[in-house]
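Novice: Below are the structure tokens for one structure; questions will follow.
The values are calculated or read from the model by the stated rules, or taken from the named source; none is laboratory data. What you see is a predicted model, and the numbers here were worked out from it, not measured in a lab. As a convention, Cβ positions derive from the backbone with ideal geometry for all residues, glycine included, and neighbour counts pool all protein chains shown. Heads up: the accessible areas ignore ligands, DNA and RNA and are worked out on the full protein's heavy atoms, side chains in. Shrake-Rupley method; radii C 1.70, N 1.55, O 1.52, S 1.80 Å.
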Amino acid sequence: MSKSKSSESVKVVVRCRPMNEKERAAKYESVVSVDVKLGQIIVRNPRESSGNELPKIFTFDAVYGWNSKQLEMYDETFRPLVESVLLGFNGTIFAYGQTGTGKTYTMEGVRNDPEKRGVIPNSFEHIFTHISRSQNQQYLVRASYLEIYQEEIRDLLSKDQSRRLELRERPDTGVYVKDLSSFVTKSVREIEHVMNVGNQNRSVGATNMNEHSSRSHAIFVITVECSELGVDGENHIRVGKLNLVDLAGSERQTKTGAQGERLKEATKINLSLSALGNVISALVDGRSSHIPYRDSKLTRLLQDSLGGNARTVMVANIGPASYNVEETLTTLRYSNRAKNIKNKPRINEDPKDALLREFQEEIARLKAQLQKRSGKKKRRRLRRRAGEGSDDEGLESGETEDDEEDGDDKGDYWREQQEKLEKERKAILEDHSLVAEEKARLLKEKERKMEDLRKEREAGEKLAAKVKAMESKLLVGGKNIVDHTNEQQRMLEQKRQEIAEQKRREREMQQQMESRDEETLELKETYTSLQQEVDIKTKKLKKLFSKLQSVKAEIQDLQEAHINERQEMEQIQNELTRDLKLKHLIIENFIPLEEKNKIVNRAFFDEEPEEWKMKPITRIEDDHQMMSRPRSAVSYWRPLSHHARVAMMLKPDMRYKAENIIMLDMDIPARTTKEYQEPVIAPKLAAALEDALRDEDEIEVDATSFHSSLGQMLPAGASGSLKKPKSGRPRTGKKSSTPTSSYSPSSPGSPLYPQSRGLVPK
Ligand code: ADP
Ligand code: MG
């Protein structure tokens, strides 16, 4: 891992655990051999029939056998990563593998055995030792601990373990867990305590710890902030974040015959792990532009660790026994792919959300406040000492005084004041010349003054204590932590590191040589005779042929694995489809279509938590939100009597549990009627209708219309009066006046025909 490179690969190491008691008792044979020098894992096929099948070889950055030591692994593989976190890089360690292969052993180890402590406790030691040896740097270390179970995030350090947290995204700092608690820790002991609390909480929620831990992902996060004076004379803050991830067991969940609820759980578990696999595939594929980070909580949260701004180490854990060979091979193939992920780590300098900066500013503010207080006190004292000195004088001298002196004689000042007040009190008591009343008054006043003095003193002390507490959280080398190591130990550590580095280089060289050997073998050869050439070429051919065979076998294996995977997915799909059919059946037969449609119309998909949600009920036409039901004056859903309120709190009686009922807003049905609108009738038709409905004695025959229809000019007045009243609405008999009504007897142009007489009785 060179620091100058802008892009670097994910480092993948494999660790094979020893056979456990059961396996040894059942006499399983070991099919895994570990070549530490070459960094290779060799897996034999345990099947009888495949006697001549070649073993499968996988090469990794480093491999660890059954007798590997935790510390040795830390020095070689994890120390450089944690070291770079201390420099301000992000770092992530994943433990991947089947349940029971040693993920938790690698990450946490055996708590009480210093030899068997895992990465997490070893990194605590590493971080705090580094800080204690630092110079002119200020550090702030904090820890968080969370768990992802069934795609739900639980804060393992929070008091309320039933709460589920959500992921949020900010453009500047990326994805984070909203409301995740984090604890500032000042020493190894404190951060160990945080880990223990989290581990306890982890098992609290689980009915079966083994099963729970095999299905959940645990992430321990350590954030190290470091402030240092830069060459530009300003304080710069670097922030490194270390994610320590104990993943869920990688074994296929469907094998366990998951049904119903279990299946739901299994598919969800698979989601985070398979999303991790998909992200890895997409990253190393090179062709796909879309990386499906958003498919699961895990991949979203650890997006930076996979192809982003982080250094990443993946530890693949495997078991040696023959019955695990399938899972072992799957794990090896999976991690083999991860080797090709390219990350782009960089130092995080002066990020906006550095807590250290906030702390520094707060301390400065509190200190200024404290200074002001003591300044005031001193001024007062000086004034008193100077007798009737002017105000200005006192102010000046108060300000010119030194800080340190102030701290030293603070106690003196308080004592002095108190003694003085006490003396005055005594003087009053002894003074017999005063009237009793006057005495009492003076005494009271003195007592009040003493009380004030005490309060002021307390407030000052509180402030000072707060400053002290905050300052103690900021760690400075050699001051807060006692460095127990002596020079010799330090040398030893350095040597260990050097050895680890050397081993790594050796392994790399061996690996390179191996691959170069095959390429150049041919070039170097010079043949003395034809026979020799044939021999050598035959040998070479044999070698290549066997290689071809193993590659072919690998292809076949992969195809088989692929088919298996597909079949399993199909199986899951079938189960889900069956489930869906049941739901459909219920909906179709038991929920009225109308209700269903209403629900469908209201439902929408919220992208952030990836859930279906219901829109609040709205009025269909205008899309305005309906008013929600108001609460009663005492903010219950309905007015309650005093007796009911008391009973509600005291008794577990159903009768008083009305508040527990879910409130459902009234669902206003869609409207099926319309406002009345008058029919539109053609004006001619309306006129005809009107005529027909008119009383007979109103009828006037007007010949002018006859004229006008012939195109003859009419007198202006007459034509105007003949026009129908212009109105947008069709006329009805009642509302509009009849055309005849506009005729007055005096209107020009007398009727041509005599008025009808109406009906005359015969
Ligand atoms: P996982 O977390 O992957 O389910 P564990 O870490 O719980 O597996 O390991 C299962 C058991 O195997 C534990 O009892 C652990 O002590 C033991 N074990 C795992 N790896 C090693 C190892 N490298 N050396 C010794 N014991 C191991
Ligand atoms: Mg485990």
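Novice: Once label points are set 7 Å from the Cα along Cα→Cβ at both residue 352 and residue 20, what is their separation, rounded to one decimal in nm?
Specialist: 4.8 nm
Novice: In segment 50-91, which residues have a backbone nitrogen under 20 Å from the label point lying 7 Å from residue 42's Cα in the Cα-to-Cβ direction?
Specialist: The answer is 50-68.
Novice: Any idea how far apart residue 540 and residue 509 come out in nm if each label point goes 7 Å out from Cα toward Cβ?
Specialist: So the label points at residue 540 and residue 509 sit 2.7 nm apart.
Novice: In terms of the Cα gyration tensor, with a ≥ b ≥ c the square roots of its eigenvalues, is segment 148-230 rounded because a/c is under 1.5, prolate because a/b exceeds b/c, or oblate?
Specialist: Judged from the Cα gyration tensor, segment 148-230 comes out oblate (a/c at least 1.5, b/c at or above a/b).
Novice: Quick check: at a probe of 1.4 Å, how many percent of the accessible area of segment 294-353 sits on carbon and sulfur atoms?
Specialist: Accessible surface attributable to carbon and sulfur in segment 294-353 totals 47 percent.
Novice: At 1.4 Å probe size, with no ligands or nucleic acids counted, give the accessible surface of residue 581 in Å², nearest ten.
Specialist: Rounded to the nearest 10, that gives 140 Å².
Novice: Same structure again: Using 0.36 nm per residue of separation minus the Cα-Cα distance, give me the extension gain between residue 547 and residue 362 in nm, one decimal.
Specialist: Working: separation 185, 0.36 × 185 = 66.60 nm, distance 6.63 nm.
Separation in residues times 0.36 nm, less the Cα-Cα distance, equals 60.0 nm.
Novice: Using 0.36 nm times the number of residues separating residue 685 and residue 583, minus their current alpha carbon distance, what extension gain do you get?
Specialist: Working: separation 102, 0.36 × 102 = 36.72 nm, distance 5.86 nm.
So the chain would gain 30.9 nm between residue 685 and residue 583.
Novice: How far is it, in nm, from the label point at residue 602 to the one at residue 413 when both lie 7 Å from their Cα along the line to the Cβ?
Specialist: Inter-label distance under the simple model: 6.6 nm.
Novice: Let a ≥ b ≥ c be the square roots of the eigenvalues of the Cα gyration tensor of segment 491-594; is it rounded (a/c under 1.5), or, if not, prolate (a/b larger than b/c) or oblate? If you can, show how the numbers build up before the last one.
Specialist: Values: a/c = 7.42, a/b = 1.96, b/c = 3.79.
Because a/c hits 1.5 or more and a/b fails to exceed b/c, segment 491-594 counts as oblate.
Novice: Rounded to the nearest 10 Å², what accessible area does residue 104 have for a 1.4 Å probe in the complete protein model?
Specialist: 60 Å²
Novice: Please compute, over every Cα-Cα pair in segment 80-162, the percentage with a separation greater than 19 angstrom.
Specialist: Here the long-distance tail beyond 19 Å is 54 percent of all Cα pairs in segment 80-162.
Novice: Mind checking the per residue accessible area of segment 36-147 for me, 1.4 Å probe, whole number of Å²?
Specialist: 39 Å²
Novice: A further question on this structure: If eta is 1.306 mPa s and T is 10 °C, what Stokes-Einstein diffusion coefficient results for segment 1-147, Kirkwood Rh from Cα pairs, in µm²/s?
Specialist: My calculation gives 89 µm²/s for D.
Novice: Which of the peptides 174-183, 649-658 is most tightly packed, and how do the rest follow, going by the mean number of other Cβ atoms within 10 Å of each residue?
Specialist: Ranked from most to least packed, the peptides come out as 174-183, 649-658.
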